[in-house]
Amino acid sequence: MEITNVTEYEAIAKQKLPKMVYDYYASGAEDQWTLAENRNAFTKILFRPRILIDVSNIDMTTTVLGFKLSMPIMIAPTAMQKMAHPEGEYATARAASAAGTIMTLSSWATSSVEEVASTGPGIRFFQLYVYKDRHVVAQLVRRAERAGFKAIALTVDTPRLGRREADIKNRFTLPPFLTLKNFEGLDLGKMDEASDSGLASYVAGQIDRSLSWKDVKWLQTITQLPILVKGVLTAEDARLSIQAGAAGIIVSNHGARQLDYVPATIMALEEVVKAAQGRVPVFLDGGVRRGTDVFKALALGASGIFIGRPVVFSLAAEGEAGVRKVLKMLREEFELTMALSGCRSLKEITRDHIVTEWDLPH
Ligand code: FNR
């Protein structure tokens, strides 16, 4: 049967993938309250569409950090994509490039920065986890820069790994035929089998829990690339990110995989946008599955959104064609939403085109 929306790929992926892999992709932390809320919160936002506006031409193009994109829909970093499909990150990179948008490559990819660069032209960001060994970090950032990556998305919500109970039950670990390719030569490419989650043990052993604002400054001494702080949920941290030199902010709760009972990102977005005061662009990820979700995020002030799970699920189902289809469906839904709301370009999308449950008097 024909696939008509992004969420349908999850059921196909669940059928195709080993349980350990599907659970790793799908899970959130602990009670998974935030996981459900990331989706649920979008239902608390309704449209105030405008009528009788000539919508025969819709322009979805935008500019992110100076790079022209076909649409404000981008790909978030998700680790270990070769567990989903043999072509893994290669397929994702090609699909993003074909769609005229950005792919963010995870530090924990199963393809290296050089390998992904070799797939051809494309605008790509590199997501960074900061290891205790800063030589490893400096070397990796330099490699990403040399491979043509255009920005660093610094993930700041993971000093320790969130408690994902499915991964503990499954004793999740990277399958033996794969490696975290960026770390292959550094003897950090494998995950030991652990008594609980192999990934949680890996993080505890390698990732720097002491990471702090001064390290955001340090990062700027080792790279010229703009830095996006990924994992901001409050106005306070939005202001500190800007003070620390961030070129942009990504409102993210890591797909609800880190601290449970943080708000849905779409609910935290406006507070961050207000604090940023237009000084840097603010992006959002978490639970975006429909073109209407993209519109809602932009109406609340986001400059663009990123998708995570839809990429790994569509990759599992259909490889590169699946990821292309996800990007196409979201694009078409977003275009339709713009037309039916009376917006012809992204700058015509305003706060007045939506009303949220939290706007209404109680
Ligand atoms: C992630 N995410 C993530 N983030 C990051 O900074 N580095 C990473 O390696 C990963 N890996 C990863 C794997 C998987 C399977 C998932 C689901 C998520 C978080 C990701 O970048 C993004 O914040 C969320 O996925 C966005 O939410 P949705 O679109 O998955 O709901």
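For segment 223-354, the gyration tensor built on C-alpha atoms gives an oblate shape. Its axis ratio a/c (a ≥ b ≥ c) is at least 1.5, and a/b is not larger than b/c. Taking label points 7 Å from Cα along the Cα-to-Cβ direction, ASP352 and SER212 give a separation of 4.7 nm. Take the alpha carbon gyration tensor of segment 186-227, find the square roots of its eigenvalues, order them as a ≥ b ≥ c, and report rounded if a/c is under 1.5; if not, report prolate when a/b exceeds b/c, else oblate. Cα axes put segment 186-227 in the prolate bin.
Considering only LEU105, LEU211, LEU346, the Gaussian network model of the chain with Cα springs below 10 Å gives its largest mean-square fluctuation to LEU211.
The gain in end-to-end length when the MET1 to LEU360 segment is fully stretched comes to 125.1 nm, 0.36 nm per residue minus the alpha carbon separation. Each of ARG239, ARG171, ARG290 has some number of other Cβ atoms within 10 Å of its Cβ, and from fewest to most they run ARG171, ARG239, ARG290. Across every pair of non-identical alpha carbons in the chain, the mean reciprocal distance, once inverted, gives a Kirkwood radius of 20.5 Å. Comparing PHE126, PHE306, PHE183 in a Gaussian network model of the chain (Cα springs below 10 Å), the most mobile by mean-square fluctuation is PHE183. Think of segment 263-362 as having a plus end and a minus end, set by charges on the Cβ of Lys, Arg, Asp and Glu; of ILE305, ALA321, ALA276, ALA321 sits farthest toward the positive end of this dipole.
Within straight-line reach of LYS296, meaning a Cα separation under 22 Å, sit the following lysines at least 8 residues removed in sequence or on another chain: LYS44, LYS68, LYS230, LYS274, LYS325, LYS328, LYS347. Rg/Rh for segment 142-196 stands at 1.05; both radii use Cα atoms, and Rh follows the Kirkwood definition. Expressed in Å, the radius of gyration and Dmax of the Cα atoms of segment 42-178 are 18.4, 59.
Between segment 235-253 and segment 70-122, how many Å separate their Cα centres? One Cα centre to the other: 25 Å.
Within a straight-line Cα-Cα reach of under 14 Å, LYS14 can be paired with the following aspartates and glutamates, leaving aside sequence neighbours fewer than 8 residues apart in one chain: ASP23, GLU318. Using a/c under 1.5 as the rounded threshold, could you call segment 130-247 rounded, prolate or oblate? The axes a ≥ b ≥ c are square roots of the C-alpha gyration tensor eigenvalues, and prolate needs a/b larger than b/c, oblate otherwise. Oblate shape, in that a/c is at least 1.5 and b/c is the bigger or equal ratio. Sorting VAL203, VAL6 from the fewest to the most surrounding beta carbons within 10 angstrom yields VAL203, VAL6.
Once you've got the GNM for the chain with C-alpha springs shorter than 10 Å, pick whichever of VAL262, VAL282, VAL229 has the biggest mean-square fluctuation. Largest GNM mean-square fluctuation: VAL262.
No value in this document is a laboratory result; all are computed from the given coordinates. This structure is a prediction, so every number in the text was calculated from the model and none was measured. Cβ coordinates were reconstructed from backbone atoms using ideal geometry, including for glycine residues, and neighbour counts include every protein chain displayed.
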